[in-house]
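The values are calculated or read from the model by the stated rules, or taken from the named source; none is laboratory data. Because the structure is predicted, anything quoted here is derived from the model rather than measured. Neighbour counts run over all protein chains shown; Cβ positions are idealised from the backbone, glycine included.
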Amino acid sequence: MRKYLLVLTLVFSVLFSKAQLTINDSLSTSDITTLLQGLGVTISSLTVNCPSGAIGKFNGTSEMSITQGLALSTGLVLSIADSNNIGSTSASFFFPGDSDLDSLSGITTYDGCILEFNAVPSADTLYFNYCFGSEEYPEFVFAGFNDPFAVLISGPGITGRINATTLPGGTAVTIDNVNDSVNSSYYYNNETPPGHYITYDGFTTNMMAFAQVIPDSTYHFKVAIADAGDDIFDSGVMLEAFSFRCVAAEPTFAGIHENRLSSLSVYPNPGNGNFYVNDKEHVLLDGMVRIVNVFGQDIFSEKITSELTEINISNQAAGIYFVSVITDNGIYKAKILKK
């Protein structure tokens, strides 16, 4: 079933500039690889299966917090950089969708834009940042046009494939799963008031996805977005430049033997910035809790003097952090995710 309305197809030059955001839709596979590849990751064998004009490089400030990267769209990628004064940005390519996205969306998909590549991480956690938006918002939420986005990963240590872009709890990123009434903490309303630099009526906040991997092993990535239910009203995803990267190995401390202390826990994980170290069996005495970011920089260091110690990193950016609780008897280590 199609939406019976007038579809406005926008035609642009190869390089389009609107206010503070610019997009270039003339990229080679080498250009795309360079934009994706971040610290500690080697990307190879990249293939693009997208309609002409559906992928491009973006730069500049907008309502999104991501300022540089790679954009994939179910329509003309150049049309993303515009004020939100139309409400029906759309292009139909008569291009096929994707069976994996059909499963996530629950409906047949169209106008798919698919990137696939291999990546070799140098450490055990690989992660990246993205923002998903759409013109389907808000009118066509729960109306049978559940446009999806996913990054599917396969390789050593992974059974089958995993979707790295699910929300906490395993929910896939689709129109019906992230909006102003469902998982609204991840949603930005760009329609009221209308945005000046992004044409989409709504989009997610800056999201971070990650996967546990085996260092120096080869993993296959499939980055995919599509229209669902019909081939009109564009959706798109902005992948932050160089954000396919891996976390450096957990820090070590000279002269101290690591011992996984099972009586300790750090929670909630993920969390919004306030975490707690629970020493339920009082094994720490005068232990020290230390947190470092993925670049090995100390951001928190404090003695533990009670059963429950609060760690407040609400002033830090969203991302992965390493917690080490250091005692004379050993070290308890954990990864935490600040949303």
**Q.** Filter pass, A71 being closer than 22 Å to P138 by Cα and either within 19 Å of the chain's Cα centre (by Cα) or not assigned by TED's automatic domain parsing to the domain that holds S28 (or both)
**A.** yes
**Q.** Selection within region 178-224 - surrounded by 22 or more Cβ atoms within 10 Å (Cβ to Cβ), within 19 Å of I43 (Cβ to Cβ) and in contact with a Cys (Cβ under 9 Å, 6 or more places away or on another chain)
**A.** V213, V223, A224
Q | Complete set of residues in region 225-237 that are buried (at least 23 other Cβ atoms within 10 Å of the Cβ) and either touching a strand residue (DSSP E or B) at 6+ places or on another chain (Cβ under 7 Å) or of a type in the set (A, V, I, L, M) (or both) | A | I225, A226, D227, A228, D231, I232, F233, D234, S235, G236, V237
(Q) Between G319, G296, which is modelled with pLDDT of 80 or more, within 24 Å of the chain's Cα centre (by Cα) and among the small types (G, A, S)? (A) G319
Q: Check I23, I32 and return the single one that is under 20 Å from L152 (Cβ atoms) and at pLDDT 95 or above.
A: I32
Q | Unmet requirement for I232, which otherwise passes all of (1) within 21 Å of G112 (Cβ to Cβ); (2) modelled with pLDDT of 95 or more; (3) in a loop (DSSP other than H, G, I, E, B) | A | (2)
Q) Under 7 Å by Cβ, and 6 or more places apart or on different chains, what pairs join a residue from region 193-205 that is farther than 16 Å from N179 by Cα and basic (K, R) with one that is part of a strand (DSSP E or B) and modelled with pLDDT under 95? A) none
Q: Provide a single number: the residues in region 113-168 that are surrounded by 20 or more Cβ atoms within 10 Å (Cβ to Cβ) and acidic (D, E).
A: 3
